[in-house]
Amino acid sequence: MTGKEPQHTLARGDGAGLLHHLLVDQALKVAIVLVALLVLALGMALIWKKAGRAGPRRDDR
């Protein structure tokens with residue numbers, strides 16, 4: 001940086017790095033939430049299957 005570069009060039013260069021960082025950060029957060037929801041759904045399905053429903057079923061009579 002010699003001081004002779006146009007201001008918009010400097011701003012664009014710094015802003016692109018910040019924008020990239022923010023986009024990667026947001027993508028990681030979305031991925032973490034999606035994985036957590038998947039684990040939650042699998043856990044609930046497993047519990048539902050193991051516990052079953054309370055009381056006798058009508059088709060078991």
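A full extension of the chain between A51 and L18 corresponds to an added length of 7.0 nm, given 0.36 nm per residue minus the alpha carbon distance. Take the Cα of I32, step 7 Å toward its Cβ, do the same at M44, and the gap between the two points is 2.2 nm.
Computed from the coordinates by the stated procedures, all read-outs in this text should not be read as laboratory data. Quick caveat, the model's predicted, so the values are computed rather than measured. Using ideal geometry, Cβ is built from the backbone for each residue, glycine included, and neighbour counts are taken over all protein chains shown.
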